[in-house]
Amino acid sequence: MRFVISALFLFVVAAAYDPLDPNGNLTIKWDIVSWTPDGYVAVVTMNNFQMYRHIMSPGWTLGWTWAKKEVIWSMNGAQTTEQGDCSQFKGNVPHCCKKIPTVVDLLPGVPYNQQYSNCCKGGVLPAWGIDPQSAVSAFQISVGMAGTSNKTVKLPKNFTLLGPGPGYTCGPAKVVPSTTFLTQDHRRKTQALMTWNVTCTYSQFLARKNPSCCVSFSSFYNETITPCPTCACGCQNKNSCVKSGSKVLKRAGVNTPRKDNTPLLQCTHHMCPVRVHWHVKVNYKEYWRVKVSIINFNYRMNYTLWSLAVQHPNLNDVTQVFSFDYKPLVPYESINDTGMFYGMKFYNDLLMEAGPFGNVQSEVLLRKDKDTFTLKQGWAFPRKVYFNGDECMLPPPDTYPFLPNSAPHQQLFSGLAAIAAMVFLLVTVW
């Protein structure tokens, strides 16, 4: 029994490991900045240290279990979704009395007296690798009926994080050296009275049982288009999908997201919300060109932030990306075969819902390495593709577009040579 539990634990840990972003995590830091008569005031900061995995709208949801009978007197920059039973309090009623509070970010535009620095973004948290300045969210919390010193404070436990759906696993809170702060004039340092960290990691295995995207291939040298595998993302939505051009799509509110995030997918053989298409477009003498397209098939979802991570050996020499922003990912210094594409701000950083505008695309120009470049055996196609941090299903390798057999060309050349020889002979004889 112990062996089975250990094996299961190792499997879950392995599933949370991302080989393209081995150090990626989301860190929650609690800094106690002052003591109160019955507790403390703390600043809670969330940093998304993942290179290409955003937390999109409707944003993050943070939860934990109090170690004692703590209550939340007040909050700035966030709020709990429920107040709970505060009937024992007379006069000054706490913000939340629940043993397991659930906290969400405030929406943009809330009154100034409810805000806190780096708050009020609707829970949206960009990836560190794309926008490090915005990859942080914070709020202030006043806790009562708690310890009033480093020795009597009990750390919260059982942290949970939705981002916005499942997939994150949080470790226990650990006391770390106190955070230091600089004053606005940068001439004085202060430090937190106590600090603890919680580290959360993402696992696609825990988030969903099926992929959320797939990849298709095509090339200039073969008319065959390699489609996504059938039911690549599962066919559980097959009975509720909508055909392109259906009258259902003209109904009011059809694009409004549901509270349970149930998708409304366009009917396809792959039944994926997102398809990535990689087209080998041109082969020059010293360069080659690829066209990358991302198509949304979900009528109830637009991706306010999107990212595409691709693994291919020739990404070590990208010459130009025409319509996307691009950044190399080098998790292992000796290997440079992974890159991250994402939308240009205010141009195509929004992937619209399914329909005529539900796609983004760009061409990529790469310099050839004469020692490795080839169009044979599917070398020109990516090894791995991740959309918004989730790995996409690739077609089977034996279905990739292949180079036409050279035999017919040789036969054609031989035939032409024979005809030329016969003409030369006839002319000579004549």
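Observations, loosely collected:
- Flag if Asn239 is farther than 27 Å from Phe381 by Cα, out of contact with any Asp or Glu (no Cβ under 9 Å at 6 or more places or on another chain) and free of Cβ contacts under 8 Å to residues at least 12 places away in the same chain: yes
- Top-ranked residue in segment 136-152 [being over 25 Å from the mean Cα position of the chain (by Cα) and among the hydrophobic types (A, V, I, L, M, F, W, C); ranked as surrounded by the fewest Cβ atoms within 10 Å (Cβ to Cβ)]: Met145
- Residues within segment 104-135 that are of a type in the set (A, V, I, L, M), surrounded by fewer than 21 Cβ atoms within 10 Å (Cβ to Cβ) and touching a strand residue (DSSP E or B) at 6+ places or on another chain (Cβ under 6 Å), tallied: 1
- Check on Val176, β-branched (Val, Ile, Thr) and open to solvent by 10 Å² or more (accessible area, probe 1.4 Å): yes
- Taken as a whole, the condition of being open to solvent by less than 20 Å² (accessible area, probe 1.4 Å), outside the structural domain of Asp390 (by the TED database), of a type in the set (A, V, I, L, M, F, W, C) and over 31 Å from the mean Cα position of the chain (by Cα) applies to Ala192.
- Filter pass, Pro177 being out of contact with any strand residue (DSSP E or B) (no Cβ under 9 Å at 6 or more places or on another chain), outside the structural domain of Phe381 (by the TED database) and not small (Gly, Ala, Ser): no
- Residue within segment 327-347 that is within 25 Å of Gly378 (Cα to Cα), open to solvent by 40 Å² or more (accessible area, probe 1.4 Å), in a strand (DSSP E or B) and outside the structural domain of Ile55 (by the TED database) present: yes
- Failed item, numbered, when Trp278 is tested on (1) without any contact (Cβ under 8 Å) to a residue 12 or more places away in the chain; (2) surrounded by 14 or more Cβ atoms within 10 Å (Cβ to Cβ): (1)
- Check on Asp390, open to solvent by 90 Å² or more (accessible area, probe 1.4 Å) and at pLDDT 50 or above: no
- The one condition in (1) more than 22 Å from Trp306 (Cβ to Cβ); (2) assigned by the TED database to the domain that holds Asn47 that Cys200 fails to fulfil: (1)
- The set of residues in segment 202-216 that are over 13 Å from Cys392 (Cα atoms) and open to solvent by less than 50 Å² (accessible area, probe 1.4 Å) comprises Tyr202, Ser203, Ala207.
- The residues listed here are Asn298, Asn261, Asn237; of these, the one that is at pLDDT below 95 and in contact with a Gly (Cβ under 7 Å, 6 or more places away or on another chain) is Asn261.
- Taken over segment 352-387, the residue count meeting the criterion of being over 25 Å from Asp317 (Cβ atoms) and either modelled with pLDDT of 95 or more or polar (S, T, N, Q) (or both) is 1.
- Taking the criterion of being aliphatic (A, V, I, L, M), in contact with a strand residue (DSSP E or B) (Cβ under 8 Å, 6 or more places away or on another chain) and buried (at least 22 other Cβ atoms within 10 Å of the Cβ), the only residue of segment 293-304 that qualifies is Ile294.
- Asn222 outside the structural domain of Pro166 (by the TED database), of a type in the set (S, T, N, Q), surrounded by fewer than 23 Cβ atoms within 10 Å (Cβ to Cβ) and modelled with pLDDT of 90 or more: yes
- Here His186 passes the criteria (1) open to solvent by less than 100 Å² (accessible area, probe 1.4 Å); (2) modelled with pLDDT under 90 except the one numbered (1).
- Residue count, segment 46-65 (criterion: buried (at least 18 other Cβ atoms within 10 Å of the Cβ) and either in contact with a Cys (Cβ under 7 Å, 6 or more places away or on another chain) or in a strand (DSSP E or B) (or both)): 8
- Screening Gly167 against (1) at pLDDT 95 or above; (2) at positive phi leaves a single unmet condition, (1).
The values are calculated or read from the model by the stated rules, or taken from the named source; none is laboratory data. Quick caveat: nothing in here was measured; it's all calculated off a predicted structure. We place every Cβ from the backbone using ideal geometry, glycine too, and count neighbours over all the protein chains shown. Areas reflect the complete protein model, heavy atoms only, side chains present, ligands, DNA and RNA absent. Shrake-Rupley method; radii C 1.70, N 1.55, O 1.52, S 1.80 Å.
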